[in-house]
Amino acid sequence: MAVTQFYHPEDDSAAAAIAGIGDELSLFDDWMDRYQFIIELGRKLPPFPAEWQDEAHKVQGCQSQVWLAAERSNGKFYFTGASDAAIVSGLVALVLRVYSGREREEILGTSARFLNDLGLIGALSTNRGNGVAAMVERIQALAKAG
């Protein structure tokens with residue numbers, strides 16, 4: 001796997017990423033604007049190789065198709081992901097921003113609760129919310145195993 005495919009965060013920590021996401025979302029007055037912002041984030045994801053769009057990389061529990069790949073390098077886990085749905089691709093980008101490029105302890109110590117705290121889960125359909133939570137669970141399971 002080529003490291004260039006994986007998301008390399010600009011934030012120094014998961015907590016800083018969560019705070020940054022909260023600040024960015026607060027710039028928008030309504031959810032339609034927030035959705036558009038989230039969709040744009042998804043469009044900026046690194047390309048996800050077509051050969052990884054298989055059952056081994058598929059995240060179960062998502063309404064739309066979501067794929068996730070991981071690599072460990074220098075004690076940190078790097079993730080990349082994709083979805084066939086625009087809004088979900090944006091949610092993938094948010095989750096990668098929080099968890100990719102972090103050490104195991106930080107990944108395991110960062111609860112998916114931030115999705116609720118930022119209002120993202122409440123603004124989504126139940127199936128999409130469950131899918132995002134499934135993605136975080138998969139990331140944490142990969143970190144725990146890896």
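Coordinate-derived values only; no laboratory data. It should be emphasised that the depicted structure is a prediction, and the values quoted were computed from it without experimental measurement. All Cβ positions, even for glycine, are placed from backbone atoms using ideal geometry, and neighbour counts span all protein chains on display.
Numbers below:
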| item | result |
| --- | --- |
| Shape of region 45-146, Cα gyration tensor, a/c cut at 1.5 | oblate |
| The chain: most fluctuating residue of Arg97, Arg43, Arg113 per GNM, C-alpha cutoff 10 Å | Arg113 |
| Residue-by-residue Karplus 3J(HN,Hα) for region 50-59, coefficients 6.51, -1.76, 1.60, Hz, glycine and proline x | 4, 5, 8, 7, 9, 4, 5, 9, 6, 8 |
| Structure-based [θ]222 nm, the chain - -39500 (n - 2.57) summed over DSSP H runs of at least 4, per residue, nearest 500 | -15000 deg cm²/dmol |
| Charge dipole (region 3-145, unit charges on Cβ, about Cα centre) - positive-most of Ala112, Ile38, Leu68 | Leu68 |
| R0 of 25 Å, Cβ-Cβ distance His8-Ala86: FRET efficiency to nearest 0.05 | 0.65 |
| Per-residue HN-Hα couplings for region 139-146 [Karplus 6.51, -1.76, 1.60; θ = phi - 60°; Hz; x = Gly/Pro] | 4, 5, 5, 5, 5, 5, 6, x |
| Simple label model, 7 Å out from Cα along Cβ direction - Arg72 to Gln53, nm | 3.0 |
| Karplus-derived HN-Hα couplings along region 66-83 (A = 6.51, B = -1.76, C = 1.60, θ = phi - 60°), whole Hz, x at Gly and Pro | 9, 10, 9, 10, 9, 8, 10, 8, 6, x, 10, 9, 10, 10, 9, x, 7, 9 |
